[in-house]
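> Handing you this structure, nothing more for now.
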Amino acid sequence: MRSDERNVPPVSVVGRVAAIIEVVEVARHPVGISEISAATGLAKGSVHRLVEQLLSERLLERDEHSRLSLGVRLFELGANVPLPRTLAHAARPLMLDLHHATDRQVHLAVLDGVAVVYVEIVHGGLPLASSIGGRLPAHATGVGKALLAYSPRAIVGECVEAGLEPMTPRTITTPADLDRALQDIRTNGTAYDHEESHLGVSCVAAPVFGADKKIRAAMSVTGQTRVMDLPRLGVAVRTAAFTLSRQLRDAGL
């Protein structure tokens, strides 16, 4: 939900359901009916009725404290989205090779609005709660900035309009700084996260392009800052991302 739409109740049933699911998703912790009502502008009675239906369809789950989180059915549906599934299938062998070569955690992400969604992960013992289907603000991540650098200016504008909220003291929070970072990425083909999403953790990312030469995804190598040789790892992740781009091109994707 964009910041200018908060507390403006959606009119359609589909819009109300989407608003409820989005509030639960972005909260990153179980939420109650009152919180959903406050965030969406919907009456508590309406929220309660819709939530009961979403629970019955396994789109939401309720814990022992009657608080709500996303349901397993959403994961099942998301796993069948064609593009992420195709990307993940094509990327997995390359990501495993990259993980073995670097001994670091490897992510593949796509852009969804002003956030990145992780569609494949090869875990590397990093103390991060990243998960497939997880979301983070695009401006605060290496993969997000790699995606924004090659996206239409309108999408970058949406990120700025939504607010460049800090996740750590190192997060980019001004349009001018974001513009400079994206220009550097277009020049060097590499994006960095210098503890901008998690303190003590850094990453290097590279863009992945489709057959139409448009940005499709971004791949990254992530690890604790003290053991990250970013220039060396940048070469490795760029090579893997280029190879995936070539495979998508050859497959017409």
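The values are calculated or read from the model by the stated rules, or taken from the named source; none is laboratory data. Since the structure is predicted, the reported quantities are computational estimates derived from the model, not experimental observations. All Cβ positions, even for glycine, are placed from backbone atoms using ideal geometry, and neighbour counts span all protein chains on display. We work out accessible area using only protein heavy atoms, side chains counted, and drop any ligands, DNA or RNA first. Shrake-Rupley method; radii C 1.70, N 1.55, O 1.52, S 1.80 Å.
> How high is the FRET efficiency between Ala43 and Arg67 when r is their beta carbon distance and R₀ equals 25 Å, given to the nearest 0.05? It would help to have the intermediate numbers written out before the result.
On the way: r = 19 Å, r/R0 = 0.77.
For Ala43 and Arg67, the calculated efficiency is 0.85.
> Averaged per residue, what accessible surface does the range 103-212 expose to a 1.4 Å probe, in Å²? Could the numbers behind the result be given before it?
On the way: 4470 Å² over 110 residues.
Solvent-accessible surface per residue comes out at 41 Å².
> Still on this structure, please answer the following. Which order do the peptides 205-213, 62-70 come out in when sorted by mean C-beta neighbours inside 10 angstrom, highest first?
Values: 205-213: 20.3, 62-70: 13.4.
Order by mean packing, descending: 205-213, 62-70.
> Another question, then. In Å and whole numbers, how far do the C-alpha atoms of the range 106-186 stretch along each principal axis, longest first?
35, 26, 23
> List the relative contact order of the range 162-210 as a percent without decimals, with contacts defined as Cα pairs under 8 Å and 6+ residues apart.
On the way: 50 pairs, mean separation 16.2, N = 49.
It rounds to 33 percent for the range 162-210.
> So what are the radius of gyration and Dmax for the Cα set of the chain, in Å?
Here Rg and the maximum Cα pair distance are 18.9, 56 Å.
> Taking Lys145 as the anchor, which aspartates and glutamates have their alpha carbon closer than 18 Å to its alpha carbon, excluding any fewer than eight residues away along the same chain?
Asp112, Glu120, Glu158, Glu161, Glu165, Asp177, Asp179, Asp184, Asp193, Glu195, Glu196
> Considering every pair of different Cα atoms, what Kirkwood radius, in Å, is found for the range 97-232? Write down the numbers at each step before the final one.
Working: mean 1/r = 0.0683 Å⁻¹.
Evaluated on the range 97-232, it is 14.6 Å.
> Another question, if that's okay. Can you tell me what the convex hull of the Cα atoms of the range 144-201 projects to on average, as an area in nm²?
With every direction weighted equally, the projected area is 3.7 nm².
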